[in-house]
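One structure is given below, encoded as structure tokens.
Laboratory data are not the source of any read-out in this text; all were calculated from the coordinates shown. A quick note: this is a predicted structure, and the numbers were derived from the prediction, not measured. Neighbour counts run over all protein chains shown; Cβ positions are idealised from the backbone, glycine included.
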Amino acid sequence: MGSLKETQPANGVKRKRDEGKVQPSPLQQKRLKLLATRKLLPIWSHQKEIRDALKENDVLVLSGETGSGKSTQIPQFILSQPWCTGKIAVTQPRRVAAISLARRVAEEMGTPLGSSSPASKVGYSVRFDESTSPSTRIKFLTEGMLLQEMLRDATLGQYSCIVVDEVHERSVNVDLILGFLRGLLASKRKKPIKVVVMSATADIQGISWFFAAPSPSVENVENFTGNANGHTIGTEETPVKSPISAEERQISICHVEGRQYPVKLDYLASPTEDIMEAALHRIFQIHCKEPMPGDMLVFMTGQETIQGLQKLVEEYAQGLTADYPKILVLPLFAALPQAAQQRIFQPAPPNTRKVILSTNIAETSVTVPGVRFVVDTGKVKVKQFRNRLGLDSLLVKQISKSSADQRKGRAGREGPGQCYRLYTQEAYQTLERDTIPEILRCDLSEAILKMKARGTDDVLGFPFLTPPPREGMERALLQLLQLGALEDTGRISEVGRKISRLPLTPSLGRVIIEAAKPEMDCLLETIDIVACLSVENIFLNIDTEEAREQAQTARQQLLRRQGDHLTLLAAVRAYAAEHSDRRRWADDHLISHRAMQSVMDVRKQLIAQCIQSKLLDKAPGNDRSRATEDRATDEATQERILKCFLRGFSNNIARLCPDGSYKTFVGNQTVTIHPSSVLFGRKVEAILYNEFVFTNKAYARGASAVQIRWLEEIFG
DNA sequence: GAGCACTGC
């Protein structure tokens, strides 16, 4: 097993004299106890192989299935290596994962966590929460955080190694990180950076080729002309101006087995038309045949189908005789209040089987304990951006094979399980191998602005793992140009640089910039609205008639007839002015308290960032609420606020036509005001909207009334 | 008169 440093006492060991014996500190006791379990992980025996691989080559691509221990062990294997003099970054797609991994690794190393002690070696960094110390060596962070760091320091100078985890999820951010890292590997850096790319799927060929291929575009990718401060990066860090070599880079590859229990598969014999009926049938078949304990996890597409099936299952369950165990149906989707989500973690009452009806949230983000049976409908709701129309469509689609296999795996985490697929084996064979990466499905303007901000001028030449269609890139470039985020030459402008550092889409970022102009003078109001538009819907969905009435009266004083933007402003102001019991206020108004808390977090962050980039002089005082409340009801201010939104959303304007429908200025598409809007059913000369989404129809969501006269003033 | 999957700075 080679020379392991793990048995030596780490720094910070406290020795206590106790009857002449040396007692390890509690941290060390815990470390030694955990060492025994670490040695049982499948990855432990690959330790030497992994260290040798990184000694030899700068890139290691590692595939390790669930339970291999890769996320916790790899950083520790690397840390003691002579080449690793700087920090190690480990990226995660989700905040909770970054924090819990940091906590675990700190325990395993016997070091305090993050900012709790200046001697701490392990920390984390996620939005709204950073916990590091001067001696942090291993930092777990979200992909978005690493990208932000890259905008400030394009060479990532403080790191010796970047570990990119969960690459198989293929978020836009991970694709950007991989592209930037490929460029960085080809550049001349003080010390070469080492990269470990980790994926849970066995297919890592594509990623290996990506890093191995010669980089003809190196010049474009690494054509830094300045870092975030506008300074030219010193000669030592200056990337080579020509491809370093036409040869392939040597890549190490390692496969680590997982630790999963076997899962038995079952398919339908013939295809079904009625997925609800098929699910209902299968749930009761499992329930009546299979012994207890053993909970069930059913993968569905969305809130509506989940609640529909819940009703059916509960009705049928009442007809079961007392010989059978009881059924407890638990819905699970992201919009569900936190407390209701937590119910899946509580043990079921005696003689009761839990049946969890879930969206894709249970595929990756939430691990449901106690599951032995998975029922997979084979469907998922996917968002796809349509470049031609500038519209998001949200449609039910077939899942991919890799998604089907991931769902199946959810039955084998605690013991052998079973997976029932509500489609035929032939249908499985026709599924796509992988889910379409997000970068091929989204509006590219944010990604492209980040690339520009990091110094990639020729974005068409950026090394994408899967290049998005040219049409989408061109659309995004055009939009950035319209926003004034790019110069006519295509380089990033000062405005663009400011926008790129805001945690917002370019459109919303542009609105902030506009509102900060002295003649607009409505930055704080605009920040409140932008904060609402960048979090989940603050207004709760209403499903009963009484709730509707209650909402109607309670929300009355918040509604603004000009539209949704000013209504959101009124809601934030009222919530912020409530000092006694905000949760109760939110409940009374049928407003999501969770959403309002995020609004307040975002608001605080945006204010801080606006001060930093000199858009705002100083933090607003505590006494501002009354004065600004008066302003917010002032018509001239309201007009200026909406004009700021027009500047960022010039493509999202529609005018009323003689037939009573609204048609977009750009593209002449018919749009319907979404029924959740305060403008629903109203006819105004023109509307501005936040989002254009196709579900059953093309809807404008987040809409406000604007005047054609204003458009002429702004756009000429 | 709809009902939006899921992350993240």
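Couple of notes before you dig in:
- The calculated FRET efficiency for A:Q669 paired with A:Q23, based on their beta-carbon distance and R0 = 51 Å, is about 0.10.
- As a ratio to 2.2 N^0.38 Å, the alpha-carbon radius of gyration for region A:502-647 is 1.04.
- All alpha carbon pair distances within region A:534-602 were sorted into 5 Å bins beginning at 0; the resulting P(r) in whole percents reads 3, 17, 28, 28, 17, 5, 0.
- Separation in nanometres of the label points that stand 7 Å from Cα toward Cβ, at A:W710 and A:Q338: 3.6 nm
- Compactness of chain A is given as radius of gyration and Dmax, 27.4, 94 Å, from Cα positions.
- Label zone at A:T85 (point 7 Å along Cα-to-Cβ), backbone N below 15 Å, region A:40-71: none
- Region A:79-153 - Rg over Rh from alpha carbon coordinates, Kirkwood radius: 0.95
- In region A:365-417, Cα pairs under 8 Å separated by at least six residues give a relative contact order of 45 percent.
- Separation of alpha-carbon centers, region A:316-370 and region A:169-187, rounded to whole Å: 39 Å
- Among beta bridges that DSSP assigns inside region A:307-400, antiparallel share in %, nearest 5: 55 percent
- Computed E for A:L431/A:K190 - FRET, C-beta separation, R0 35 angstrom, nearest 0.05: 0.15
- Net length gained if the chain between A:K30 and A:L394 were fully extended (0.36 nm per residue, minus Cα distance): 126.3 nm
- Across chain A, the relative contact order, built from alpha-carbon pairs under 8 Å that are at least six residues apart, equals 10 percent.
- Over region A:65-219, volume per residue of the alpha carbon convex hull, in Å³: 117 Å³
- Directionally averaged projected area (convex hull, Cα atoms, region A:263-436), nm²: 10.9 nm²
- Pairwise centroid distance, computed over Cα atoms, of region A:403-464 with region A:29-107, Å: 24 Å
- The simple spin-label model puts a point 7 Å past each Cα toward its Cβ; for A:K39 and A:Q597 those points are separated by 4.2 nm.
- Packing-based ranking of A:562-574, A:73-85 yields A:562-574, A:73-85, ordered from highest to lowest mean Cβ neighbour count within 10 Å.
- Measuring nothing but alpha carbons in region A:122-177 and taking Rh as the Kirkwood radius, the Rg to Rh ratio lands at 0.94.
- Restriction of the GluC sites (Glu not before Pro) in region A:455-512 to DSSP coil positions whose beta-carbon has at most 14 other beta-carbons within 10 angstrom yields A:E487.
- Rh by Kirkwood over Cα pairs, then Stokes-Einstein D for region A:649-716 at 1.002 mPa s and 20 °C, µm²/s: 181 µm²/s
- Per residue of chain A, the DSSP helices (runs of n ≥ 4 H) give a summed -39500 (n - 2.57) that works out to -11500 deg cm²/dmol at 222 nm.
- Potential lengthening between A:Q612 and A:R51 on full extension [0.36 nm per residue; Cα-Cα distance subtracted]: 197.8 nm
- Size of charge dipole - region A:263-436 - debye, nearest 20, with Cβ of Lys, Arg +1 and Asp, Glu -1, no other charges: 420 debye
- With 0.36 nm allotted per residue and the present C-alpha distance subtracted, the A:S100-A:Q550 stretch has 158.0 nm of extension available.
- Remark on region A:361-464: ratio of C-alpha radius of gyration to 2.2 N^0.38 Å is 1.40.
- Near A:D392: Cβ cut-off under 9 Å, other residues only, Lys/Arg at +1 and Asp/Glu at -1. The net charge is 0.
- Kirkwood-Stokes translational diffusion coefficient of region A:51-105, alpha-carbon pairs, 10 °C, 1.306 mPa s, µm²/s: 126 µm²/s
- The GluC sites (Glu not before Pro) of region A:17-97 that meet both conditions, a loop assignment by DSSP and at most 13 other Cβ atoms within 10 Å of the site Cβ, are A:E19.
- Local net charge near A:V693, Cβ-Cβ under 10 Å (Lys/Arg +1, Asp/Glu -1): +1
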